[in-house]
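I have placed the structure first, in the form of structure tokens, so that the comments after it can refer back to it.
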Amino acid sequence: MKLYGRNTSINVQKAAWVMGEAELNWEWVDKEGGVGTIDSPQYRKINPAAKIPTLDDSGLLVRQSNTIVRYVARKYAPQLIPRDYPAWVEAERWMEWQNSDNRAPLTKVFWTLIRTPEDKRDMEELSTVINVLNDDFTILDEYLGDRKYIAGDEFSIGDIPPGAAAYRYLSLPIERPVLTNLQNWYQKLVERPKFKELVMIPLA
């Protein structure tokens, strides 16, 4: 089993985290790589888009981070998939929230503050996007008001994509509203050894 992609990528972190929760062992290709280092003719043979991550499970190539999360859980850690439909629907909803609604503003703020030189930042645009990002996480905070985890009382795949996003959001040097429910949920994630090991990596 091989996982391709640097460990500072949020998408790779999602894949690695579910693999860690499943107690798998794997070879990590380009783990310490930089931005774009996986873009090579060799890698394009297994992922023509040259995007990360890619999971190679005995020759079966699994691409797209949330697909990897679902695949690993289904094959190796079915306890991470909610059994009843209401819980499963919420898990799927928030996985997609991370990859659709939340992804664009989080990426924009991250790239502006972490990877863009200060003299080249569009501060007016940044302020607008930070407001969008805060609104996004306020919605999640309100949702978490009466539950321990995304799908209910048990940790599941539904916590993995938004949990990785929450680490990045809470690590950014921005002003945030008071999000008590989000913080309570996040502290439960921090208590998980694999979250600490595979997601809580300094932003770069």
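The values are calculated or read from the model by the stated rules, or taken from the named source; none is laboratory data. Remember, predicted model here, so these are calculated numbers, not experimental data. Glycine gets a Cβ as well: all are built from the backbone with ideal geometry, and neighbour counts include every protein chain shown.
Please indicate, with yes or no, whether at least one residue in the range 42-50 is closer than 22 Å to Ala204 by Cβ, in contact with a helix residue (DSSP H, G or I) (Cβ under 9 Å, 6 or more places away or on another chain) and either surrounded by fewer than 15 Cβ atoms within 10 Å (Cβ to Cβ) or not assigned by TED's automatic domain parsing to the domain that holds Thr107 (or both).
Yes; the residues of the range 42-50 include at least one that is closer than 22 Å to Ala204 by Cβ, in contact with a helix residue (DSSP H, G or I) (Cβ under 9 Å, 6 or more places away or on another chain) and either surrounded by fewer than 15 Cβ atoms within 10 Å (Cβ to Cβ) or not assigned by TED's automatic domain parsing to the domain that holds Thr107 (or both).
Can you find even one residue in the range 126-148 that is more than 30 Å from Tyr76 (Cα to Cα), exposed (fewer than 14 other Cβ atoms within 10 Å of the Cβ) and touching a residue at least 12 places away in the same chain (Cβ under 8 Å)?
Yes; the residues of the range 126-148 include at least one that is more than 30 Å from Tyr76 (Cα to Cα), exposed (fewer than 14 other Cβ atoms within 10 Å of the Cβ) and touching a residue at least 12 places away in the same chain (Cβ under 8 Å).
Among Asn25, Asn11, which is the only one that is modelled with pLDDT of 95 or more, part of a loop (DSSP other than H, G, I, E, B) and not assigned by TED's automatic domain parsing to the domain that holds Glu92?
Going through Asn25, Asn11 in turn, the sole match is Asn25.
Among the residues of the range 136-158, write down those that are part of a loop (DSSP other than H, G, I, E, B) and more than 14 Å from Met95 (Cα to Cα). First the steps, then the outcome.
Taking the range 136-158 and keeping what is part of a loop (DSSP other than H, G, I, E, B), we get 147-148, 150-151, 153-156.
Result: Arg147, Lys148, Asp153, Glu154.
Looking at this structure, is Asp56 touching a residue at least 40 places away in the same chain (Cβ under 8 Å), over 17 Å from Gly163 (Cβ atoms) and either in the same structural domain as Val190 (by TED's automatic domain parsing) or surrounded by fewer than 19 Cβ atoms within 10 Å (Cβ to Cβ) (or both)? Give the derivation first.
On the way: touching a residue at least 40 places away in the same chain (Cβ under 8 Å): yes; over 17 Å from Gly163 (Cβ atoms): yes; either in the same structural domain as Val190 (by TED's automatic domain parsing) or surrounded by fewer than 19 Cβ atoms within 10 Å (Cβ to Cβ) (or both): yes.
Taking the combined requirement at face value, the residue satisfies it.
Could you please find all residues in the range 185-195 being free of Cβ contacts under 8 Å to residues at least 40 places away in the same chain, surrounded by 13 or more Cβ atoms within 10 Å (Cβ to Cβ) and not aliphatic (A, V, I, L, M)?
Tyr186
I'd like to verify a number: residues in the range 168-184 that are assigned to a helix (DSSP H, G or I) and touching a residue at least 40 places away in the same chain (Cβ under 8 Å), how many? First the steps, then the outcome.
Applying the first criterion (assigned to a helix (DSSP H, G or I)) to the range 168-184 yields 168-171, 180-184.
Subsequent filtering for residues that are touching a residue at least 40 places away in the same chain (Cβ under 8 Å) retains 168-169, 181-182, 184.
So the count comes out to 5.
Scan the range 77-101 for residues that are over 18 Å from Asp153 (Cβ atoms) and either of a type in the set (Asp, Glu) or not in a helix (DSSP H, G or I) (or both) and jot them down.
Of everything in the range 77-101, those that are over 18 Å from Asp153 (Cβ atoms) and either of a type in the set (Asp, Glu) or not in a helix (DSSP H, G or I) (or both) turn out to be Glu96, Ser100, Asp101.
Using the structure shown, decide if Arg74 is of a type in the set (Lys, Arg), in the same structural domain as Ala22 (by TED's automatic domain parsing), modelled with pLDDT of 95 or more and exposed (fewer than 14 other Cβ atoms within 10 Å of the Cβ). Quick ask: steps written out before the conclusion?
Values: of a type in the set (Lys, Arg): yes; in the same structural domain as Ala22 (by TED's automatic domain parsing): yes; modelled with pLDDT of 95 or more: yes; exposed (fewer than 14 other Cβ atoms within 10 Å of the Cβ): yes.
Taking the combined requirement at face value, the residue satisfies it.
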